[in-house]
Amino acid sequence: MTEYTAQCSNRGGWWRLYVVLLDDPGSQWPEHDFGPTPVVPTVGARSRALTALGFVFTDGAEWEWTEYSETHGDDASPVRLLASIRVRSRDGGMP
């Protein structure tokens, strides 16, 4: 069963969730926009979005958060958040 990484990030007040498909570089990554919101989408909202895209969390997977500077090496740069989790296709095959 192939596993993928799903990521959730914020840019300009918009949260976006997408599944990274490195096995098929020519394909467009499945994604879901949560729209403009000042708060992080809930785990339930992220789960429903992934299900709508055809994916589910792998057993025991938990969201991991990473903080990084928008401008690499600039301590005064705005901080961005990136959440990641391991997922698989809902039917166990390719998305």
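Just checking, does the range 31-45 include any residue being touching a residue at least 40 places away in the same chain (Cβ under 8 Å) and either charged (D, E, K, R) or in contact with a helix residue (DSSP H, G or I) (Cβ under 8 Å, 6 or more places away or on another chain) (or both)?
If we filter the range 31-45 for residues that are touching a residue at least 40 places away in the same chain (Cβ under 8 Å), which is where we start, we get 40.
Still in the list and also either charged (D, E, K, R) or in contact with a helix residue (DSSP H, G or I) (Cβ under 8 Å, 6 or more places away or on another chain) (or both): none.
No - not one qualifying residue is present in the range 31-45.
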Query raised in the report: Out of curiosity, is residue 47 within 20 Å of residue 70 (Cβ to Cβ) and modelled with pLDDT of 90 or more?
Result: no
Report task. Please specify each residue of the range 57-66 satisfying the condition of being at negative phi and assigned to a loop (DSSP other than H, G, I, E, B). Result -> 58, 59, 61, 62, 63
Query raised in the report: So which residues in the range 1-56 are closer than 14 Å to residue 83 by Cα, assigned to a loop (DSSP other than H, G, I, E, B) and open to solvent by 30 Å² or more (accessible area, probe 1.4 Å)?
Result: 39, 40, 42
**Report entry** Single residue of the range 76-95 satisfying the filter (touching a Ser or Thr at 6+ places or on another chain (Cβ under 6 Å) and under 17 Å from residue 10 (Cα atoms)) that is least open to solvent (accessible area, probe 1.4 Å)
**Finding:** 77
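Are any residues in the range 57-75 open to solvent by less than 50 Å² (accessible area, probe 1.4 Å) and in contact with a strand residue (DSSP E or B) (Cβ under 6 Å, 6 or more places away or on another chain), and if so, which ones? I'd like the intermediate steps shown before the answer.
So in the range 57-75, the residues open to solvent by less than 50 Å² (accessible area, probe 1.4 Å) come out as 58, 61, 63, 69.
Across the range 57-75, the qualifying residues are 58, 61, 63.
The values are calculated or read from the model by the stated rules, or taken from the named source; none is laboratory data. Remember, predicted model here, so these are calculated numbers, not experimental data. All Cβ positions, glycine included, derive from the backbone under ideal geometry; neighbour counts span all protein chains shown. These area figures cover heavy atoms from the full protein model, side chains too; ligands, DNA and RNA do not enter into them. Shrake-Rupley method; radii C 1.70, N 1.55, O 1.52, S 1.80 Å.
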